[in-house]
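Taking it in order: structure first as structure tokens, then the write-up.
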Amino acid sequence: MPAAMETNQGRTMVLEAYADTILPGEKRWPGDRAVAGVSSGGGAVAAGALLVLRSVEGGMAPALDALADGIEEHARAYAAETEIELDPEVPAFVSLDYPDRIRLVQRLTDPTHPEREAWISLAMFSVIAFDAAAHSNTVEALAAGHVGLNIIGFRPPDSDGLWRFDTYSYGRQLAQPHPDTTPSGSPA
Amino acid sequence: MTSSESTDVLVIGSGFGGAITAYHLAAGGARVVVLERGPWLSGEDFEHDFKFGSSSTRVFDFVIGDGMSVLSGNCVGGGSVVYFAAMPRAPRFVFERQGSIGRRMWPTTISRDTLEPWYDRVAEALPITQTSWESVPYSGGLFGAACDHAGRTANPVPAALDQAKCTNCNWMMAGCRFDAKRSLLLNYLPAALAHGAQIRPLHEVQHLTRTDDGGYRVHYTVLDDVDYRVEVGSGTIDAKIVVLAAGAGATPVILQRSEPTLGPMPHAVGRYFSGNGERLNTAIFDEERIRDVLGLSRPDGVPYEAYQIGKGPCVATWDRLDGSLPEYERYSLEQLYFPPGFGTILAQVPDALGPTWFGAEKKELLRSWQSWLTIFTMSEDDNEGVFGPPPPSGNAMRLSQQMLARGALRYEPTENTLRGWALSDAEVRDILERDGLSRVMPWTNDVVGAYTVHPLASCRIGDDPATSALDDRHELRDHPGIFVTDGSAVPGGLTVNPAMTIAALAERAVPGIVAAARARGVDVRYGAPAPDGGTSSRDAVLPLVRGALQR
Ligand SMILES: Cc1cc2nc3c(=O)[nH]c(=O)nc-3n(C[C@H](O)[C@H](O)[C@H](O)COP(=O)(O)OP(=O)(O)OC[C@H]3O[C@@H](n4cnc5c(N)ncnc54)[C@H](O)[C@@H]3O)c2cc1C
């Protein structure tokens, strides 16, 4: 096992790179290796994917080391098979460029892959970090400018932290009802 | 032998099937205990928050199976707390369906006409009202306008909603903060409590055994109120009658687990599961085309950008609910909202060069989330779902503290089901891609399989003992005194939202349960009014039930 993987930092980088493959973002600093930097604005990592994965509520935390090691194993096999030379300074998966990360994750999440459920779970948690900020209170996340909620354009609540939309309707009939509608408004 | 509590009627689950039967039996004089695996929340407990551990995960159950994931309620009130409250009646042809068995799937005693008075009972109880175009949110209006533009009809869907209280916040899957959604917490359940019924939250039933007097002993565990994986207690209750209403994803599992003690179950227990033929498509709209083609614009001049605003599904097109079309080719299409997370992960990128559901292109798609519209197909599937061996407890292996679990349901869609989905996908595209309005892609089935919020038919009624677990009175074959009144009793896909039909069937089953309870010495009568005291629908059914009560 390369030295990089012997530390928790190595595993963190692998999980970050995986989350970044699911919903990519811009590099957090110039030398950021885990985040591939293929998309403008933050991605799943900046959105808090690692916090969601590590949350006690989510139930993934006890499995994360093994999952990171598993990704590494697959990445090394993938590199050997495709004759990619890996950078010994970083974990194998982090060493892959974005298109190769994508190809490997496609393979791991394919309906025929025997371990797909584990890899899909990692992907699901990455998505809910970005789209829903599941690790933090939604009102606080919005106030703090959570990158995912921002990018999807999630509208903010009223001052009491509850959502209400006073204007919500075009306010007019926009189609003809089905001719067989019953008096109760149901299909016949 | 340890001493066990006892009651007349033990109800498992507090959704539609459980709340309705509990109310009528308690009001009729029976001692009723309801065991519910989820927590008991109301009003202010319902948070506007996606955080793990908020009401959005406490009240929800998401079970991943092989080829089918099932979403349900997990709280007092069951699915009524998390649902969207669209309550149409099922079209007439549905009751004539044959499905895979070469004969009518429904009992001969049930048709749209014979169910109508029971639908009326539910409509009075919740109550259910028609939705006006004035209260249809932008998303429903957009779907209606697109249907009209494509020469289709579209209807606002009747709903169990108090429009005056609704804020169109679209948080209804986390429970309604404003009591606008008329969940069972506002009608049947308080009325059941007022008549002495007991409801015990965080009590998960695991299996049943028999008692010496022909009744049943119900074995439960008590769950931690934060980490549902943790059991903090256990117990048993003896009952003369058991009403199983744990939902179509859970009821058959309890019966499977009880088989070693109760004896063989009917073949149809845990088979013939239907996902109500659900299928989802997401359209990504071009805002300018909305204005130019459909002439729509909000008061602030923006054409749409309003996916987040509203109250779930409000407008549907029923043009394909045509009884003269072949079976498996009939479906309704309904505009829908799913919050981020659930509602985004499976959406696919149109014309993707790379992966369709994740990656850089998916992230770009999310930037236009407010211009999305999700369309929900409810079609005639083939009852192809089968439950594997039951997990050690509950209905699935819980992975997270709340919500996420892995279950034993297998679902391999048949050619019939796939054909219905393909037809409906093409119809959605034809309506929504017309004149460049949007680009449409179905949700992927390659991540968590197909996806249903409408589990049905896993323990169904019917006339044929080989293909139905229950007789037409909802009594479990060969196990007298056990009744099943939830979505699992519905014979098959309904082509519309199912809760109204589940509820009507539960209402219809009550007189038979009353008769069975009386035969077991319980002093109970049928004839309670609606939970708020209304009597018109009750008076309409009384002449119909005399026979059942004399049995
Ligand atoms: C997000 C969402 C939106 C929906 N929107 C609509 C809609 O607009 N219109 C519509 O018609 N339908 C809708 N539905 C479906 C509707 O909620 C269900 O069809 C309906 O609630 C099913 O009723 P039921 O009685 O079968 O079971 P449920 O309502 O699911 O009730 C079963 C209850 O049993 C409990 N339970 C399970 N196992 C056990 C156990 N072992 N011990 C004790 N208790 C147990 C569960 O926690 C639950 O409370 C929606 C569903 C979801 C998830």
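Every number in this text was worked out from the coordinates using simple rules, so none of it is lab data. What you are looking at is a predicted structure, and each value in this text was computed from that prediction instead of being measured. Using ideal geometry, Cβ is built from the backbone for each residue, glycine included, and neighbour counts are taken over all protein chains shown.
I'd like the FRET efficiency for residue B:210 and residue B:523, computed as 1/(1 + (r/R0)^6) with the beta carbon distance as r and R0 of 22 Å, rounded to 0.05.
Given R0 = 22 Å and the Cβ-Cβ separation, E is 0.45.
Pairs of lysines 8 or more apart, or on different chains, with alpha carbons under 19 Å: count those in the protein assembly as shown, would you?
Qualifying lysine pairs in the protein assembly as shown: 5.
Let's see if you can work this out: charge +1 on each Lys and Arg Cβ, -1 on each Asp and Glu Cβ, no other charges. What is the dipole magnitude of the protein assembly as shown about its Cα centre, in debye to the nearest 20?
Dipole size: approximately 1940 debye.
Counting Lys and Arg as +1 and Asp and Glu as -1, each charge on the Cβ, what is the dipole of chain B about the Cα centre in debye, to the nearest 20?
960
Rounded to the nearest 0.05, what FRET efficiency is calculated for residue B:193 and residue B:4 with R0 set to 22 Å and r the Cβ-Cβ distance?
Using R0 = 22 Å, I get an efficiency of 0.40.
I want the antiparallel fraction of DSSP beta bridges within chain B, as a percent rounded to 5.
Roughly 65 percent of the beta bridges in chain B run antiparallel, per DSSP.
Taking the number of other C-beta atoms within 10 Å as the exposure measure, put B:397, B:441 in order starting with the fewest.
With the sparsest Cβ surroundings first, the list reads B:397, B:441.
Using only alpha carbon pairs under 8 Å that are at least six residues apart, calculate the relative contact order of chain B and give it in whole percent.
Relative contact order, chain B: 25 percent.
Along the Cα-to-Cβ line of residue B:434, 7 Å from the Cα, sits a label point; which residues in the stretch B:151-169 have backbone N less than 12 Å from it?
Output list for this probe position: B:151-154.
On a 0 to 90 degree scale, rounded to 10, what angle separates helix B:138-149 from the longest Cα axis of chain B?
70
Restricting the count to DSSP beta bridges whose residues both fall in the protein assembly as shown, what percent are antiparallel, rounded to a multiple of 5?
65
Just to confirm the filter: which GluC sites (Glu not before Pro) across the stretch A:70-129 are DSSP coil and have at most 10 other Cβ within 10 angstrom of their Cβ?
A:83, A:85
To the nearest 0.05, how large is the calculated FRET efficiency for residue B:227 and residue B:353 if R₀ is 45 Å and r is the Cβ-Cβ distance?
So, using R0 = 45 Å, E works out to roughly 0.60.
Treat the count of other C-beta atoms within 10 Å as a stand-in for reagent exposure and order A:147, B:122 from fewest to most.
A:147, B:122
What is the Cα centroid distance between the stretch B:66-123 and the stretch B:265-281, reported in whole angstrom?
The stretch B:66-123 and the stretch B:265-281 have Cα centres spaced 12 Å from each other.
Which one of B:220, B:303, B:369 is farthest out on the positive end of the charge dipole of the stretch B:5-546, using unit charges on Cβ (Lys, Arg +1; Asp, Glu -1) and the Cα centre as origin?
Going by the Cα projections, it comes out as B:220.
Report the full-extension gain for the segment residue B:234 to residue B:327: residue separation times 0.36 nm, less the Cα-Cα distance, to one decimal in nm.
This chain segment gains 28.8 nm when fully extended.
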